[in-house]
Amino acid sequence: RMKINRGKSVAVLATLTFGMTLALRVREIGDSFWMLEDQIRDWSIALGSFSDLPLVGPPTHFGGYTIGPAFYWLLWAIRVSVGPWFQDLPHAGGIGQAIVQSGADALLLVAVWRRTESPWIALSTVVLLATAAYDLALSALVWNPTMGAALAKVAMALVLLDWHRGSTFRVAVSVVVAWSAVHAYTGAAFVAVGVFVAILAEPLARRNWNATRR
């Protein structure tokens with residue numbers, strides 16, 4: 001019964017976290033959405049067909065492109081699923097990215113709670129992340145760094161939950177999420193490396209060479 005009650009508490013707090021952070025991010029988005037060069041370019045790409053999406057990511061500020069197309073794949077999925085509710089206007093992309101961000105926050109809250117056994121540490125962690133002024137100002141925006149941050153949070157949460165230990169498939173999913181964060185934003189490489197090391201550390205510590213190779 002205690003486990004059931006705790007599970008309900010986790011679910012309730014995660015749901016509240018998702019709803020409240022999403023409300024903060026999308027508040028008055030129709031009037032305040034930033035429509036700059038990057039947003040015009042990326043939303044125009046997302047309005048096309050999936051087969052026309054580029055095989056590289058958005059341009060970087062120091063030249064070249066991010067290394068993979070995961071950002072455009074996700075933005076296209078947002079346009080297909082969220083866009084029709086808002087006449088495919090660009091702020092639909094911001095709302096979609098805010099949904100991804102808030103979902104990542106809720107998952108991270110659950111992960112930190114289960115790892116530390118403290119709802120207060122979990123809640124404090126998510127509040128600090130979600131209400132950081134710069135992050136909050138840009139979170140409901142069609143912009144690849146915010147997508148990279150959201151995917152990085154998901155990858156960290158999966159590791160904290162030990163979700164990857166269930167099967168080789170789960171390891172693959174965790175790695176793909178972390179690597180997709182790098183696709184979206186090169187700076188997420190630091191998180192991805194940490195996730196990869198965390199996944200390898202446990203089988204290496206047990207000297208389980210088969211699991212390590214997998």
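Quick notes on this one:
- Nonlocal amide H pairs with Tyr65, under 5 Å, H built at 1.01 Å: Thr60
- Look at the dipole of the chain built from charges on Cβ: of Ala152, Ser44, Val173, the Cα furthest out on the positive end belongs to Val173.
- In the context of the full set of protein chains, residues of the stretch 102-214 present 50 Å² of accessible surface per residue (probe radius 1.4 Å, heavy atoms only).
- Here the peptides 204-214, 126-136 are ranked by packing, the mean other Cβ count within 10 Å, and the order with the highest first is 126-136, 204-214.
- Sorted largest first, the principal axis extents computed over the alpha-carbon atoms of the stretch 1-114 equal 53, 32, 27 Å.
- Rg over Rh [alpha-carbon atoms, Kirkwood Rh] for the stretch 49-194: 0.98
- Of the DSSP H helices in the chain, those with a Cα length along their own long axis of 18 Å or more and a mean Kyte-Doolittle hydropathy reaching 0.0 comprise 2-26, 91-116, 144-160, 168-184, 189-205.
- Maximal additional length on extending the Met35-Ala137 stretch stands at 35.4 nm, based on 0.36 nm per residue less the C-alpha distance.
- Charge dipole magnitude, Cβ of K and R +1, D and E -1 - the stretch 1-73, Cα centre, debye nearest 20: 880 debye
- Estimated FRET transfer efficiency (Ser51, Leu89; beta-carbon r; R0 30 Å; 0.05): 0.80
- Surrounding net charge for Ala157, when Lys and Arg each add one and Asp and Glu each subtract one, Cβ distance under 12 Å: +1
- Here, the stretch 75-133 yields an orientationally averaged convex hull projection of 4.7 nm² when only Cα atoms define the hull.
- Net charge over other residues, Cβ less than 13 angstrom from the Cβ of His61 (K, R count +1; D, E count -1): -2
- Pairwise centroid distance, computed over Cα atoms, of the stretch 75-133 with the stretch 16-39, Å: 11 Å
- The charge dipole of the chain, taken about its Cα centre with unit charges on the Cβ of Lys, Arg, Asp and Glu (plus for the first two, minus for the last two), comes to roughly 1300 debye.
The values are calculated or read from the model by the stated rules, or taken from the named source; none is laboratory data. These figures come from a predicted structure and were not determined experimentally. Glycine gets a Cβ as well: all are built from the backbone with ideal geometry, and neighbour counts include every protein chain shown. Each accessible area value is taken on the protein alone, full model and side chains, heavy atoms only, with ligands, DNA and RNA left out. Shrake-Rupley method; radii C 1.70, N 1.55, O 1.52, S 1.80 Å.
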